[in-house]
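Taking it in order: structure first as structure tokens, then the write-up.
The values are calculated or read from the model by the stated rules, or taken from the named source; none is laboratory data. What you see is a predicted model, and the numbers here were worked out from it, not measured in a lab. Because the Cβ atoms are built from the backbone with ideal geometry, glycine has one as well, and the counts that use them run over all protein chains shown. Ligands, DNA and RNA are stripped out before the accessible areas are found, and what is left, the full protein with its side chains, is counted by its heavy atoms. Shrake-Rupley method; radii C 1.70, N 1.55, O 1.52, S 1.80 Å.
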Amino acid sequence: MKLRYNTEIISGAVFAVVGAVLWLLIPSQIQTMEKGAVNAQTLPRIAIGGMFIFAIGLLLEGLFAREKKELVITADSFRSGAFKKELRSIVYCLFLVAYCLIIQPLGFVISTVLLVLAVMLYYGARKWYYYAIPLAMVGIVYYVFKVLLHVSLP
């Protein structure tokens, strides 16, 4: 099966929709009593507005580009190294989704330690200090935010 696509159009359209949705969600997610021109909603509006503008630029670039990429899907393409690399990225994203789901019931420290261990084991880290460094960082982040700054972590 042959599939012709333009990555600029696809990514531009996706990020334009995401930017528009996030822009519309700002007032309900970031409530402020300030009436001035600069308030708590200003920085998110700048960031999301920039993302939307660049997404529209990417979309326009894709519309005016002559060259389209062609993807040929065969049984061998599922055994290729590129597919396996993409599959590893998808599994990593699934780790992050699982992390988002367990952080509320288990708390920051336990869920982050589980995420670090799962990712390190999945990518085949063999040396002990590859595990020690991110685990120590979890402890440092916990100490700085919880103890020094008195910020509640999930």
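Given VAL109, VAL119, which one is touching a residue at least 24 places away in the same chain (Cβ under 8 Å), within 23 Å of LEU87 (Cβ to Cβ) and hydrophobic (A, V, I, L, M, F, W, C)?
Working: VAL109 fails: within 23 Å of LEU87 (Cβ to Cβ).
So the residue among VAL109, VAL119 that is touching a residue at least 24 places away in the same chain (Cβ under 8 Å), within 23 Å of LEU87 (Cβ to Cβ) and hydrophobic (A, V, I, L, M, F, W, C) is VAL119.
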ask   = Out of curiosity, is TYR99 more than 23 Å from SER152 (Cβ to Cβ) and either among the hydrophobic types (A, V, I, L, M, F, W, C) or surrounded by 10 or more Cβ atoms within 10 Å (Cβ to Cβ) (or both)?
value = no
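Please enumerate the residues belonging to the range 140-154 that are under 11 Å from PHE108 (Cβ atoms) and not aliphatic (A, V, I, L, M). Before you say what the answer is, go through the steps one by one.
In the first step, residues of the range 140-154 are kept if they are under 11 Å from PHE108 (Cβ atoms); the result is 141-142, 145-146, 151-154.
TYR142, PHE145, LYS146, SER152, PRO154 - these are the residues of the range 140-154 that are under 11 Å from PHE108 (Cβ atoms) and not aliphatic (A, V, I, L, M).
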ask   = Do any helices (runs of 4 or more DSSP H) lying entirely in the range 1-106 carry at least 3 residues that are modelled with pLDDT of 90 or more and not assigned by TED's automatic domain parsing to the domain that holds VAL138, and which ones are they?
value = 7-29, 42-64
Of the criteria (1) open to solvent by 100 Å² or more (accessible area, probe 1.4 Å); (2) under 28 Å from VAL119 (Cα atoms), which one ILE90 fails = (1)
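Has the range 75-84 got any residue that is under 30 Å from VAL21 (Cα atoms), free of Cβ contacts under 8 Å to residues at least 40 places away in the same chain and exposed (fewer than 11 other Cβ atoms within 10 Å of the Cβ)?
Quick first cut of the range 75-84, residues under 30 Å from VAL21 (Cα atoms) only: none.
For the range 75-84, residues under 30 Å from VAL21 (Cα atoms), free of Cβ contacts under 8 Å to residues at least 40 places away in the same chain and exposed (fewer than 11 other Cβ atoms within 10 Å of the Cβ): absent.
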query = Which residues, counting only those in the range 104-152, are open to solvent by 60 Å² or more (accessible area, probe 1.4 Å), under 21 Å from the mean Cα position of the chain (by Cα) and of a type in the set (S, T, N, Q)?
reply = GLN104
